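Below you'll find the structure, written out as structure tokens, and then a few comments.
Since every read-out is calculated from the coordinates, none of them should be taken as a lab result. Values in this document were obtained by computation on a predicted structure and should not be read as measured data. No Cβ is skipped: glycine too gets one built from the backbone with ideal geometry, and neighbour counts run over all protein chains shown.
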Amino acid sequence: MQVLTIPVTPFMQNCRVLVCPTSRIAAIVDPGGEPEKIIARLTEEGLKPKMILLTHAHLDHVGASTKLGEYYDIEIIGPHKDDLFWLEALPMQSQMFGFENHAAFLPSSWLNDGDTVEVGKLKLEVRHCPGHTPGHVVFYEPVSQQVLVGDVLFKGSVGRTDFPKGDAAKLKHSIESKLFSLPNEVVVHSGHGENTTIGYEKATNPFMSGRFG
Ligand SMILES: [Zn+2]
Ligand SMILES: [Zn+2]
């Protein structure tokens, strides 16, 4: 699986484009804003996306979904239904994040733990990882051993849990059961900042070692 990274919004959110190397079919993950920038990159790469996938419903991850969905005439898929309240609260999130007002929207379908999303010949495993938000999901591609984790896990850190319905204990459990159960070599693509690996975070992440409870 090829992964292109397009940082968007003042939060430098890593919008990702997943490309099946065999079919060149692509999916956009977490288009948080700046739709023109995302379209320009896709055009430059000669890619026509087939779907939009969302890890969770924070505005910096979903802000360009409606525009890109209309532009490419493609469906928005995910996150898990427990993030519905965040999508309904998009106008409030616009104020909270200091963004231009954004209307609420609904995806074409929600995702559940254990679902498989097909992008060309790629098969992405969906894992429900509540904690940062209750409906957060991650996408694991086992052949190339890469996982897109949104705001669940970062290099040397974990997602915030001080937002409404955030839950630190659940986040820790999600990371332990759904991410640290993956092979050490798996490359972790986070919603913000650099990539890391499962093994590196298992060995060094201070939030998971008990040092920060
Ligand atoms: Zn978030
Ligand atoms: Zn984020």
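Take every Cα-Cα distance within the stretch 151-213, group them into 5 Å bins from 0 onward, and report for each bin the whole-number percent of pairs it holds.
4, 19, 31, 28, 14, 4, 1
Long-range amide H contacts for Val119: which residues qualify at under 5 Å (H placed 1.01 Å from N, peptide plane, sequence gap of 5 or more or a different chain)?
Leu124
Dipole magnitude of the chain about its Cα centre, charges +1 at Lys/Arg Cβ and -1 at Asp/Glu Cβ only, in debye to the nearest 20?
420
Can you give the charge dipole size of the stretch 119-213 about its Cα centre, rounded to the nearest 20 debye, using +1 on the beta carbon of Lys and Arg and -1 on the beta carbon of Asp and Glu?
140
List the lysines whose Cα sits under 29 Å from the Cα of Lys37, skipping any in the same chain fewer than 8 residues away.
Partners found: Lys48, Lys50, Lys67, Lys81, Lys121, Lys123, Lys155.
In sequence order, what are the phi-derived ³J(HN,Hα) couplings for the stretch 16-30 according to the Karplus relation 6.51 cos²θ - 1.76 cosθ + 1.60 with θ = phi - 60°, rounded to whole Hz, with x for glycine and proline?
10, 10, 9, 10, 6, x, 7, 9, 6, 6, 10, 9, 9, 10, 6
Please report the equivalent ellipsoid semi-axes of the stretch 2-204, computed as sqrt(5 x eigenvalue) of the Cα gyration tensor, largest first, in whole Å.
23, 21, 15
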